[in-house]
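Each remark here refers to the structure printed beneath this line.
The values are calculated or read from the model by the stated rules, or taken from the named source; none is laboratory data. These figures come from a predicted structure and were not determined experimentally. Every residue, glycine among them, receives a Cβ derived from its backbone with ideal geometry; neighbour counts consider all protein chains shown. Protein only, heavy atoms only, side chains kept; ligands, DNA and RNA dropped before computing areas. Shrake-Rupley method; radii C 1.70, N 1.55, O 1.52, S 1.80 Å.
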Amino acid sequence: VQLQASGGGLVQTGDSLRLSCAASGRMSSSYAIGWFRQGPGKEREFVAAIDWSGGSTTYATSVRGRATISRDIAKNTVYLQMNSLKPEDTAVYHCAANLWAGASDSEGTYDYWGQGTQVTVSS
C-alpha cells in the first residue's frame, strides 16, 4: 500500500486547511486510515482516524470539534479538514494505513506510512 499525503501549507491562526491522503496498491481500499503529526521538538501524536467504510471515526482531544475526517471510497482518498487552526497545530502531518485495527489511535497498529505534509500556522 502506498500513501501520498498533500494539502499542507502556511496559514494564519483561525484559517482552515484540508489535507488529503491518496491510497494505492493491492487492497488499499480495505485499510483504515489514520492521521498523525509531529511538531518541532515533539513526539509524533495521533490526530484522527477513519475505518475502511467511513462509518467509524476517532479524534484526538486536541482537535475534536475542529477537525473532520472523511473518506471518498471511489477516489480511495481520505480527507482531514482542519478548522480554527492554532500555532500548536504546526507539524508534519502523516497518514498511515492499518488493515485490522479500524479507526485506531495507536501508531503501533499501523502498517504503512506516507511521507508527510507540512502544516505551519502563524500567529
Report task. Check whether at least one residue in the range 20-41 is part of a strand (DSSP E or B), in contact with a helix residue (DSSP H, G or I) (Cβ under 9 Å, 6 or more places away or on another chain) and of a type in the set (K, R), and report yes or no. Result -> yes
Report task. Name the residue, out of Q81, Q12, Q38, Q4, that is within 25 Å of V121 (Cβ to Cβ) and touching a Cys at 6+ places or on another chain (Cβ under 9 Å). Result -> Q4
Requested in this report: Test V121 against the criterion of being over 11 Å from the mean Cα position of the chain (by Cα) and either under 14 Å from L17 (Cβ atoms) or open to solvent by less than 50 Å² (accessible area, probe 1.4 Å) (or both), and give yes or no.
Outcome: yes
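Table: residues versus (1) open to solvent by 60 Å² or more (accessible area, probe 1.4 Å); (2) within 17 Å of S30 (Cβ to Cβ); (3) outside any strand (DSSP E or B).
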{"site": "T58", "(1), (2), (3)": "no, no, no"}
{"site": "T68", "(1), (2), (3)": "yes, no, no"}
{"site": "A74", "(1), (2), (3)": "yes, yes, yes"}
{"site": "L80", "(1), (2), (3)": "no, no, no"}
{"site": "L85", "(1), (2), (3)": "no, no, yes"}
{"site": "A97", "(1), (2), (3)": "no, yes, no"}
{"site": "D105", "(1), (2), (3)": "yes, no, yes"}
Report task. Return the residue satisfying two criteria in turn: it lies in the range 8-56 and is over 18 Å from G114 (Cα atoms) and among the hydrophobic types (A, V, I, L, M, F, W, C), and of such residues it is surrounded by the fewest Cβ atoms within 10 Å (Cβ to Cβ). Result -> L10
